[in-house]
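Novice: Please find one structure pasted underneath; my questions will follow.
Any read-out appearing in this document is the output of simple, stated calculations on the displayed coordinates, not a laboratory observation. Please read these numbers as outputs of a predicted model, since none were measured by experiment. Cβ coordinates were reconstructed from backbone atoms using ideal geometry, including for glycine residues, and neighbour counts include every protein chain displayed.
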Amino acid sequence: MKILIIGCGRVGAGLANTLANRGHSVTVVDKEPLAFGKLGEKFKGQTIPGIGFDRDVLLKAGIERADGLAAVTSSDEANVVAARIARDLFHVPRVVARLYDVRQAEIYKRLGIQTIAPTSWGINRIAELLLYSPLETILSIGSGNVEIVEAEVPHLLVGKTVRDFTVAGEIHIVSITRANKTFLPMQGTIFQGGDLLHLAVLTTSTNRLKDLLE
């Protein structure tokens, strides 16, 4: 995967090395060139000096081909701007922004931006959010043949309908939570950014569901 990291502080540098060591293509952007020294001499990725939400800088960093972006500077405002540009302008599939003001987290979640608060922004957790689609099992039914799972709607499904996502006999959307309200969707219901889906899925089809969510 190609991952962009905005900010080369302790977290940014640690995340960059963690992902690069796992074999991913990593590019780090920071406005201070000296910050790249935190990466160490063995860093296998690329570094780009510049403002992390500058369009030309992001293009130079290869954002058009990026599979994920993590904005982990010390500025909430810079992180959110970079994340929204990545999500809305360049349609990067996985975007994570570090926020110190946790009161804003729900707002940005509705915009389709995954946020990490200071209490939970460990390097491994950010890496997990960048590399895997969020999928949580809520309930196993009967002998475990069917599960109710919860997942955020992926960006590529926004604008599509429940009918487009349903796999007869394997995957069905039970409910959608949108703007803190949960409702039962119809086959023609259109997905919106920030939707939280509850799905009934055969345990034998879980991997298929993960593929659809990526």
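Novice: What is the packing order of peptides 157-167, 93-103, taking the mean over residues of other C-beta atoms within 10 Å and listing the highest first?
Specialist: Values: 157-167: 14.8, 93-103: 19.5.
Top of the packing list down: 93-103, 157-167.
Novice: Moving on. Out of the DSSP beta bridges found with both residues in the chain, what percent are antiparallel (nearest 5)? It would help to have the intermediate numbers written out before the result.
Specialist: Values: 23 of 43 bridges.
Rounded to the nearest five, the antiparallel share is 55 percent.
Novice: Suppose a student asked you for the relative contact order of the chain, using Cα pairs under 8 Å spaced at least 6 residues apart; what percent would you report?
Specialist: Working: 428 pairs, mean separation 32.9, N = 214.
This gives 15 percent for the chain.
Novice: Taking the mean number of other Cβ atoms within 10 Å as a proxy for protection, how do you rank 37-44, 59-66, 147-154, 202-209 from highest to lowest? Each step should come with its number before you reach the end.
Specialist: On the way: 37-44: 12.9, 59-66: 16.2, 147-154: 19.4, 202-209: 14.6.
Answer by packing, highest mean first, reads 147-154, 59-66, 202-209, 37-44.
Novice: Hey, another quick one. Provide the gained length on full extension for the span Asp88 to Asp56, in nm with one decimal, where the gain is 0.36 nm per separating residue minus the Cα-Cα distance.
Specialist: On the way: separation 32, 0.36 × 32 = 11.52 nm, distance 1.59 nm.
Using 0.36 nm per residue and subtracting the Cα-Cα distance, I get 9.9 nm.
Novice: I'd like the distance between the alpha-carbon centres of region 65-91 and region 139-214, rounded to an integer number of Å.
Specialist: If we compute the Cα centre of each part, the gap is 26 Å.
Novice: Using a Debye calculation, one point per C-alpha and no hydration shell, please list log10 I(q)/I(0) for the chain at q = 0.08, 0.11 Å⁻¹ in order.
Specialist: Each listed q maps to, in turn, -0.30, -0.55.
Novice: Cβ neighbours within 10 Å, averaged per peptide: list 14-23, 183-192 in order, most packed at the top. Mind dumping the intermediate values first?
Specialist: Numbers: 14-23: 19.2, 183-192: 13.3.
My ranking of the peptides, most packed first, is 14-23, 183-192.
Novice: Given the chain, what count of lysine pairs have C-alpha atoms under 29 Å apart, with each pair 8 or more places apart or on different chains?
Specialist: 22
Novice: Report, for region 1-89, the % of DSSP beta bridges that are antiparallel, rounded to 5. Don't skip to the end; give the middle numbers.
Specialist: On the way: 0 of 13 bridges.
Antiparallel bridges: around 0 percent, rounded to the nearest 5.
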